[in-house]
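Reading through the structure tokens given below for one structure.
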Amino acid sequence: MAYSDLELLARIIKCEAGGEGENGMKAVASVVMNRVNVTYGEYARYKTVREVVFQPRQFVCAMETVGGEYNAQNIYNMSLEQIHWDIAEWAMAGHRLTNLGTALWFFNPYSPECRPNFPTAVGVFVIRIGDHCFYNPTDAYADT
């Protein structure tokens with residue numbers, strides 16, 4: 001599909017955090033845009049929302065198949081509402097949640113506790129918003 005970056009961001013917001021409330025959706029949008037704008041480390045190679053969203057093995061919602069099975073929870077199956085567009089525009093205009101720092105990663109641990117590092121020692125826990133744990137880059141991230 002030839003979605004614009006704005007629509008891709010709105011779709012990933014809905015798919016990854018549609019049930020997490022406004023702050024949860026803003027946090028996911030912030031992570032995507034932090035990756036677009038980071039100037040060092042692995043993600044510095046990705047300069048557009050499209051490149052970030054479709055970077056291999058980063059967002060399950062951007063995958064049509066997972067483990068060889070069709071993934072029904074993907075960005076192509078999302079029915080967007082105005083709030084998803086509004087948050088995407090908010091993030092693309094440069095806004096971020098202030099309590100999130102420069103988070104580059106998030107995940108749902110399916111437990112009440114967030115692990116201290118994610119995905120490895122390159123990310124350190126900063127905050128939990130809804131079901132997702134968010135992680136800021138450590139100094140080690142610069143070497144990725």
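Points to keep in mind about this one:
- Residue match in region 99-113 (condition: part of a loop (DSSP other than H, G, I, E, B), over 20 Å from residue 13 (Cβ atoms) and among the aromatic types (Phe, Trp, Tyr)): yes
- Residue in region 49-68 that is among the charged types (D, E, K, R), farther than 23 Å from residue 141 by Cβ and under 12 Å from the mean Cα position of the chain (by Cα) present: no
- Any hit, region 57-68, residues being crowded, with 16+ Cβ neighbours inside 10 Å and closer than 22 Å to residue 126 by Cα: yes
- Entry remark, region 108-130: residues being among the small types (Gly, Ala, Ser) and touching an Asp or Glu at 6+ places or on another chain (Cβ under 7 Å) number 1 in total.
- For beta carbons closer than 6 Å, sequence separation of 6+ or different chains, a first residue in region 31-52 that is touching a residue at least 40 places away in the same chain (Cβ under 8 Å) and surrounded by fewer than 20 Cβ atoms within 10 Å (Cβ to Cβ) and a second that is of a type in the set (Phe, Trp, Tyr) and in a helix (DSSP H, G or I), the qualifying pairs are 41/141.
- Top-ranked residue of region 32-48 - restricted to ones that are within 17 Å of residue 10 (Cα to Cα) and part of a helix (DSSP H, G or I), ranked as nearest to the chain's Cα centre (by Cα): 32
- Only one of the numbered conditions (1) in a helix (DSSP H, G or I); (2) closer than 13 Å to residue 16 by Cβ is violated by residue 73, and that is (1).
Conditions tested, residue by residue: (1) closer than 26 Å to residue 119 by Cα; (2) at pLDDT 90 or above.
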| residue | (1), (2) |
| --- | --- |
| 57 | yes, no |
| 64 | yes, no |
| 70 | yes, yes |
| 73 | yes, no |
| 80 | no, yes |
| 83 | no, yes |
| 89 | no, yes |
| 92 | yes, yes |
| 96 | yes, yes |
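- Scanning region 85-119 for residues that are surrounded by 17 or more Cβ atoms within 10 Å (Cβ to Cβ) and more than 27 Å from residue 45 (Cβ to Cβ) yields a single hit, 114.
The values are calculated or read from the model by the stated rules, or taken from the named source; none is laboratory data. Bear in mind that the values here come from a model prediction, so they are computed numbers and not experimental data. When we count neighbours, we look across all protein chains shown, and the Cβ atoms used for this are built from the backbone with ideal geometry, even at glycine.
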